[in-house]
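Encoded as structure tokens, the structure appears first; notes follow it.
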Amino acid sequence: MCFAAPIPTITPTTVSSPTPQPEIVGVRQTGSMASVGSVRSFFPDEGWGVIDGPDVPGGCWVLFSAIAADGYRQLAVGERVCFIAEAVSQDGFDFRAVKVWTGDVEPRLAEPAPNESAPDESGAYHSSLTLTFDGPAD
């Protein structure tokens, strides 16, 4: 069994009718649950794969950036994983993984120390390039 930290979202909703009546205001609570599955395939050179599980019929597409792990992020075929998926179409699959981990407890990002900026969540290398052009020749 996988345990995911609850991510409740409380959205105020207002329902009104065309005839003058008092407005009904309510609260709708949504969240995500962790699923258990196994890795069907993973292509480390392309950074994506497919997870199979009872909650994702037809498979769940996963990108390396959704893998909650330190270092090089990849999955092994047949590996048992816990994951949170969303129901969206991605490369022919009806589900896309939002977060994937290999232990039974969902990992948390480390809190930055005071006076430090938050670490990049992906852990990927970043670079930038600035181009400047000389003005037109006289």
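Coordinate-derived values only; no laboratory data. What you see is a predicted model, and the numbers here were worked out from it, not measured in a lab. With ideal geometry, Cβ positions are generated from the backbone for all residues, glycine too; neighbour counts draw on all protein chains shown.
Some points to look at:
- Count of residues meeting criterion [within 14 Å of residue 35 (Cβ to Cβ) and either touching a helix residue (DSSP H, G or I) at 6+ places or on another chain (Cβ under 8 Å) or surrounded by 16 or more Cβ atoms within 10 Å (Cβ to Cβ) (or both)] in the stretch 62-92: 7
- Count - residues of the stretch 29-51 that are surrounded by 15 or more Cβ atoms within 10 Å (Cβ to Cβ) and over 15 Å from residue 102 (Cβ atoms): 4
- Pairs, first free of Cβ contacts under 8 Å to residues at least 24 places away in the same chain and at negative phi in the stretch 37-57, second of a type outside the set (A, V, I, L, M, F, W, C) and outside any loop (DSSP other than H, G, I, E, B), C-beta under 6 Å, six or more apart: 52/37; 52/38; 52/40
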